[in-house]
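Novice: One structure coming up, written as structure tokens, with questions to follow.
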Amino acid sequence: MLLTAIWATLALVSVHGIDGGLQTAGIFVTETFGAFLFAKRYIRDIFAFHRMVKSFVLVVAFLFPFAVYENLTASPILVKLFGTVFSVFELYGPNEARFGLSRAQVTFEHPILFGIVCSSAFALSFYVLTAAKRQAGRLATGVVAITTFTSLSSGALLSLVVQGALIVWDKVTASVTHRWIVLAALAVVAFVAMSALSNRSAIEVLVTYLTFSADNSYMRIFIWNYGTQSVMKNPIFGIGLHDWERPTWMAGSIDNFWLVNAVRYGIPGFLFLFCSFTSVCFGLGRIRKLSFQASQCRKGLIITLFGFAIAGITVHFWNATYVLFIFLLGSGMWLFENENREGATDTQDVPSAVRPMF
């Protein structure tokens, strides 16, 4: 994470100069390395992690009625209310109807961001809150799922589906040895098969089926093609905040979180961030002999992060949503401490140690 922040700073200063790049770099360092360290410093044990998840779910539940109201009226009432006192961002528009409902943005810049944030509480609530209080945890998980749906965003629903599929796999294969390695192998085989049997790349095939409309899927394919061309032309430091090369009829947004980082900060910038993500997930997955409660927290966090990462193929995270993603990466660092392993006490009547996740 430190290398991610350092490289982005070097890239921005290299492209924009000290005057133009240093301020933007400072914001990026704060949102990236700062958010990671904040979570690492203040979530130090299972009790703090539980409180974080519970608070997160309560926020999502609080926003639910406002989201439903917006579905029915197309009026983001909270944004308008705060706008009477404070300076707020522009309202999302035009608000296209899906399934006869308006898309809810509630307090975020775009319905996609609202949906992604809500979906990131799904697996956490299922594993963490259900382990403490089964009925309350299931209710919370249901509320999170319904609130996510109000965004009517393919990226958010994709994250929800991915998390749900991983939860089902976890429950169905509980007695299978190395089940997550088996799942990863199946995913690789499926990816290779798509590449071999289709006249399009596997990424293009995935994007086609992960969006609501054909227009959106084709646009995302164009974004991928022209975005990767930009990366190849500027592989080291990227283009910073400059506009990327594309046809005049294409919009300026890049609906792919991972591609945005490669375009802006070059291939090294993307690799530092991606390797930070994978090292956290695989590092947590390989911890041995966690207590039951800690193991539930680990499952919820890894599945949440994986849902975030898959959704990032079709969605870009910015502002608070990006900070939340980085914050969640840092929120599991306490699991590496020895007190969460053999000998840790548990209030649940279950075995005190479990095998590594991976």
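The values are calculated or read from the model by the stated rules, or taken from the named source; none is laboratory data. Here the structure is a predicted model, which is why all the values come from computation and not from measurement. Using ideal geometry, Cβ is built from the backbone for each residue, glycine included, and neighbour counts are taken over all protein chains shown. The protein model used for the area step is the full one, side chains on, heavy atoms only, and it has no ligands, DNA or RNA in it. Shrake-Rupley method; radii C 1.70, N 1.55, O 1.52, S 1.80 Å.
Novice: What ranking of SER253, SER120 comes out by heavy-atom accessible area, probe 1.4 Å, highest first?
Specialist: Output order, biggest surface exposure first: SER253, SER120.
Novice: Something else now. If I build a Gaussian network model for the chain, linking alpha-carbon pairs within less than 10 angstrom, which residue out of ASN261, ASN71, ASN199 has the largest mean-square fluctuation?
Specialist: ASN199
Novice: Go through LYS54/LYS171; LYS40/LYS233; LYS54/LYS289; LYS133/LYS289; LYS40/LYS133 and tell me which ones have a Cα-Cα distance over 28 Å in this structure.
Specialist: Result: LYS40/LYS233 exceed 28 Å.
Novice: May I ask for the angle, rounded to the nearest 10°, between helix 292-311 and the longest principal axis of the chain, with both axes built from Cα atoms and the value confined to 0 to 90°?
Specialist: 20 degrees
Novice: Within 10 Å of each candidate Cβ there may be at most 15 other Cβ atoms; applying that plus a DSSP loop requirement, which chymotrypsin sites (Phe, Trp or Tyr not before Pro) in segment 81-180 survive?
Specialist: Qualifying residues, ordered by number: PHE86, PHE89, PHE99.
Novice: Enumerate the calculated ³J(HN,Hα) couplings along segment 5-21 in order (Karplus 6.51 cos²θ - 1.76 cosθ + 1.60, θ = phi - 60°), each rounded to whole Hz, writing x wherever the residue is Gly or Pro.
Specialist: Working through the residues one at a time gives 5, 5, 5, 4, 5, 4, 5, 5, 5, 5, 7, 10, x, 5, 5, x, x Hz.
Novice: With all protein chains present and a 1.4 Å probe, how do ASP170, ASP243 order by accessible area, largest first?
Specialist: Heavy-atom accessible area, descending, gives ASP243, ASP170.
Novice: Counting only protein heavy atoms, what percent of the accessible surface of the chain is carbon or sulfur at a 1.4 Å probe?
Specialist: 66 percent
Novice: Rounded to the nearest whole Å², what accessible area per residue is found for the chain with the 1.4 Å probe?
Specialist: That works out to 49 Å² for each residue.
Novice: Show the residues, 5+ positions off or on another chain, whose built amide H is closer than 5 Å to the amide H of LEU290.
Specialist: Hits under the 5 Å cutoff: VAL354.
Novice: What nm value, rounded to one decimal, do you get for the distance between VAL172 and ALA202 when each label is placed 7 Å out toward the C-beta?
Specialist: Each label point lies 7 Å from its Cα, and together they span 2.0 nm.
Novice: Residues with amide H under 5 Å of ARG98's amide H, sequence separation 5 or more or different chain, H placed in the peptide plane at 1.01 Å from N; which?
Specialist: The list, which skips near neighbours in sequence, is ARG103.
Novice: Would you calculate, for the chain, the mean residue ellipticity at 222 nm contributed by helices, counting each DSSP H stretch of 4 or more residues as -39,500 (n - 2.57) and dividing by all residues, to the nearest 500?
Specialist: -21000 deg cm²/dmol
Novice: Here is a follow-up. Sort THR304, THR84 by heavy-atom solvent-accessible area, probe 1.4 angstrom, most to least.
Specialist: THR84, THR304
Novice: Next question. Given +1 on the Cβ of Lys and Arg, -1 on the Cβ of Asp and Glu, and no further charges, what dipole in debye does the chain carry about its Cα centre, rounded to the nearest 20?
Specialist: 960 debye
Novice: Which residue fluctuates most in the GNM of the chain (Cα springs below 10 Å): ILE18, ILE326, ILE116?
Specialist: Evaluated over the chain, the most mobile residue of the options is ILE18.
Novice: Under a crude label model (7 Å from the Cα following the beta-carbon direction), how far is TRP249 from LEU72 in nanometres?
Specialist: Roughly 4.1 nm, to one decimal.
Novice: Only sites in a loop by DSSP and with at most 15 other Cβ atoms within 10 Å count here; which trypsin sites (Lys or Arg not before Pro) in segment 70-175 make the cut?
Specialist: LYS133
Novice: In a shell of Cβ-Cβ distance under 10 Å around GLY330, excluding GLY330 itself, what net charge do Lys and Arg (+1) and Asp and Glu (-1) give?
Specialist: So the surrounding residues net to +2.
Novice: What distance in nm separates the simple spin-label points at MET194 and SER279, each placed 7 Å from Cα in the Cβ direction?
Specialist: Result for the modelled spin labels: 2.8 nm.
Novice: Probe 1.4 Å, all protein chains in place: accessible area of HIS110 in Å², nearest 10?
Specialist: Estimated to the nearest 10 Å², HIS110 gives 40 Å².
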